[in-house]
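The block underneath contains the structure these notes are about, expressed in structure tokens.
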Amino acid sequence: MKNKTQYSALFFSALFLLNSCNSKKEETVVTEIEPKTETFLLQKEKLTTELRLPAELTGFQQVDLYAKVSSFVKVLKVDIGSEVKKGQLLIVLEAPEISSQLAAAESRLKSMEAIYATSKSTYSRLYETSKVEGTISKNDLEMANGKKNSDYAQYQAAIAAHKEVSIMKGYLEIRAPFDGVVSARNVNLGTLVGPASSLPLLTIQQQDKLRLAVSIPELYTGYLHQGDEMSFNVKSLPDTFKATIQRMSGALDLKLRSERVEMDVHNTKGSLLPGMVAEVLLPLNAKDSTFVIPKTALVNSAEGIFVIKVVNHKATRVDVKKGREIDDKIEIFGDLNSNDKMVKIASEEIKEGDDIKE
């Protein structure tokens, strides 16, 4: 009986100890501390980024020279790579029919000049004689005046015709419109050329000054301004070149949705060639400060793009639009104010109105 009583006491003691341990475990689970949510104060910054885009170098001026009249190439004074000066004679063309027309126009001009001089002299003598009453009838004087005016009109027409043929003859001499380099030649001596020719006689490019053209996507057009300096590289040269924005089209291309921006490049050494493809590094400097947050604070979900603001220890979702990104930061635009408290590591799991423990 005594042994049975001892065993019962031991059993109840073990049961009590087991219940005590379970109670402590439950207390430990209940009193476990919830993790805090990391927050930060929203501030404005001037975000500066760089954009790399392909661009093309072209001659600052470029012109294709064609023949105005049907003719043959008589003299060819330049070839590909020839440096030319403004007004320099490049090609002499030959058109025998124009020479004949010019000779005929000169002959007619001299003939009409002589006829007009005669009729003018005749009228002048009749006019002086008519001052003595009764010597010359009024009708004869009027007829002489009419003949003089008619001959004068014919004389002016002859002058115009001669000038026209002279201009046509001037087209037989092809001269350089500006200082540059002959980049293409499509004719040889004796070639028949004319307005119907599909290829130009010569192509002239100004290469001491080049035009660098780049198309800026719509998203970045607001960050560039006339006078901004940028740098660019070409594959064939290790150097980095500088240029300044001189012209902006002010409109978007309807197909590419981009704005054409042009820069002038001084190529005094001649190391750059028209037609080269360049890589342009454009600095994108914001006009004003904008809200910049860590990328972890932005949630991009099926419900939209938003950040989580903390108001009175409660979560509030604020819809935003994304701007530029650089490293681990991103630019945002929305209904926000400086010093708003934001959740640094946001997620879809944080719902509207959830308690935020800081």
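The values are calculated or read from the model by the stated rules, or taken from the named source; none is laboratory data. Values in this document were obtained by computation on a predicted structure and should not be read as measured data. So basically every Cβ, Gly included, is an ideal-geometry build from the backbone, and we count neighbours across all protein chains shown. These area figures cover heavy atoms from the full protein model, side chains too; ligands, DNA and RNA do not enter into them. Shrake-Rupley method; radii C 1.70, N 1.55, O 1.52, S 1.80 Å.
If a residue must be touching a residue at least 60 places away in the same chain (Cβ under 8 Å) and over 13 Å from G59 (Cα atoms), how many such residues does the stretch 197-216 contain? Talk me through it step by step, then tell me what you get.
Here is the first cut: in the stretch 197-216, the ones touching a residue at least 60 places away in the same chain (Cβ under 8 Å) are 197, 200-216.
From the residues that got through so far, the ones that are over 13 Å from G59 (Cα atoms) too are 197, 200-202, 214-216.
Total meeting the criteria: 7.
If I ask for residues that are open to solvent by 20 Å² or more (accessible area, probe 1.4 Å), within 19 Å of N186 (Cβ to Cβ) and touching a Phe, Trp or Tyr at 6+ places or on another chain (Cβ under 8 Å), which ones from the stretch 77-95 would you list?
E94
If you go through the stretch 289-339 one residue at a time, how many are in contact with a helix residue (DSSP H, G or I) (Cβ under 9 Å, 6 or more places away or on another chain), loosely packed, with under 13 Cβ neighbours inside 10 Å and assigned to a strand (DSSP E or B)?
Of the residues in that region, 0 qualify.
Could you identify the single residue in T48, T58, T37 that is within 30 Å of F333 (Cα to Cα), among the hydroxyl-bearing types (S, T, Y) and surrounded by 15 or more Cβ atoms within 10 Å (Cβ to Cβ)?
T37
Scan the stretch 112-120 and tell me whether some residue there is among the basic types (K, R), in contact with a Phe, Trp or Tyr (Cβ under 9 Å, 6 or more places away or on another chain) and in a loop (DSSP other than H, G, I, E, B).
The answer is no; no qualifying residue exists.
Scan the stretch 130-174 for residues that are outside any helix (DSSP H, G or I), under 30 Å from L89 (Cβ atoms) and open to solvent by 80 Å² or more (accessible area, probe 1.4 Å) and report the count.
2
In this structure, does L282 turn out to be aliphatic (A, V, I, L, M), at pLDDT below 90 and either within 30 Å of A55 (Cα to Cα) or open to solvent by less than 60 Å² (accessible area, probe 1.4 Å) (or both)? Full working, then the answer.
Details: aliphatic (A, V, I, L, M): yes; at pLDDT below 90: yes; either within 30 Å of A55 (Cα to Cα) or open to solvent by less than 60 Å² (accessible area, probe 1.4 Å) (or both): yes.
Criteria met by L282.
Let me spell it out: the conditions are (1) surrounded by 15 or more Cβ atoms within 10 Å (Cβ to Cβ); (2) modelled with pLDDT under 90; (3) under 30 Å from R211 (Cα atoms), and I98 meets all of them except one. Which number is the exception?
(3)
Going by the structure shown, is E113 closer than 30 Å to N267 by Cβ, open to solvent by 40 Å² or more (accessible area, probe 1.4 Å), in contact (Cβ under 8 Å) with a residue 40 or more places away in the chain and of a type in the set (D, E)?
Details: closer than 30 Å to N267 by Cβ: no; open to solvent by 40 Å² or more (accessible area, probe 1.4 Å): yes; in contact (Cβ under 8 Å) with a residue 40 or more places away in the chain: yes; of a type in the set (D, E): yes.
Answer is no for this residue.
Which residue, of L237, L256, L281, is closer than 13 Å to V214 by Cα and in a loop (DSSP other than H, G, I, E, B)?
Step by step, each of L237, L256, L281 is checked, and only L256 is closer than 13 Å to V214 by Cα and in a loop (DSSP other than H, G, I, E, B).
Which number in (1) closer than 19 Å to M230 by Cα; (2) surrounded by 12 or more Cβ atoms within 10 Å (Cβ to Cβ) marks the one condition that V277 misses?
All conditions pass for V277, except number (2).
Determine which single condition K86 fails, assuming it passes every other condition in (1) over 34 Å from the mean Cα position of the chain (by Cα); (2) of a type in the set (K, R); (3) part of a loop (DSSP other than H, G, I, E, B).
(1)
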